[in-house]
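The values are calculated or read from the model by the stated rules, or taken from the named source; none is laboratory data. All values derive from a computational prediction rather than experimental measurement. Every residue, glycine as well, gets a Cβ built from its backbone with ideal geometry; the counts of neighbours run over all protein chains shown. Keep in mind that these areas ignore ligands, DNA and RNA; they rest on the heavy atoms of the full protein, side chains included. Shrake-Rupley method; radii C 1.70, N 1.55, O 1.52, S 1.80 Å.
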Amino acid sequence: MRSAKLCFLMLMLVPASTVAAAAPAPTSVRAFLEGQGYHTFKLTKLPTGHETIEVTINGVSGIFVVDSGAGGTVVHRARLAKFGIEQASGEGQGAGAGGNIAITSHPVKSLLLNGQPVPLDTVRATDLDSVANRLQAATGVVIDGVVGQDVLSAYAGIINIGASELYLKLPAPGTKKPG
């Protein structure tokens with residue numbers, strides 16, 4: 001009991017400005033991570049709470065949802081031609097929130113996030129009609145795909161929801177994706 005009173009008394013003696021200073025501001029998080037070699041990517045929060053980012057594939061820009069639950073970066077199959085991606089000859093099976101899904105792999109010449117090159121030479125494609133149509137109906141935004149764990153894990157991705165920022169530790173220009 002005596003130690004609890006002493007602890008409470010010590011907390012009462014700590015100035016409020018000291019306690020408030022303990023919580024880092026979003027800009028200090030960014031500054032710290034950039035000091036560790038991370039690149040900052042501004043995200044756009046949709047009214048639904050989904051975070052989106054501009055993705056440029058083969059020189060064509062689109063809007064992708066940042067999805068930490070997706071195993072890979074996926075282009076909505078209906079948008080393949082938009083990005084100059086040819087249809088694949090074979091398809092495999094993947095797992096989605098609704099069960100098994102048909103998924104294909106496609107080579108890409110380049111991929112940029114908010115104009116910054118990200119080493120990724122393959123994307124996946126599947127039918128994202130259900131998700132894309134619901135998000136468009138709710139927000140008016142056309143979704144072309146999702147950025148997933150192939151990017152987030154390979155580049156030690158950190159999502160700062162409060163600041164709507166994505167931090168990636170990208171390799172030096174010209175370096176291929178690790179792994």
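For an R0 of 30 angstrom, estimate the FRET efficiency from the Cβ-Cβ distance between Asp121 and Ile161 and round to the nearest 0.05.
Calculated value: 0.55.
Once label points are set 7 Å from the Cα along Cα→Cβ at both Ala102 and Ser61, what is their separation, rounded to one decimal in nm?
Placing both labels 7 Å beyond Cα along the Cβ direction yields 3.3 nm.
Obtain the nm distance between the two label points defined at Ser130 and Ala88 by a simple spin-label model: each point lies 7 Å from its Cα along the Cα-to-C-beta direction.
Distance between the two pseudo-spin positions: 1.9 nm.
Using modelled amide H (1.01 Å from N, peptide plane; none on Pro or chain starts), what sits under 5 Å from the amide H of Leu128, excluding residues fewer than 5 places away?
Arg77, Ala78
In Å, what is the Rg of the alpha-carbon atoms in the stretch 36-164, and how long is Dmax?
Just the Cα atoms of the stretch 36-164 yield Rg and Dmax of 14.0, 42 Å.
Quote the accessible area belonging to Lys82 in square angstrom, nearest 10, computed with a 1.4 Å probe and with ligands, DNA and RNA left uncounted.
In the full protein context, Lys82 sits at about 90 Å².
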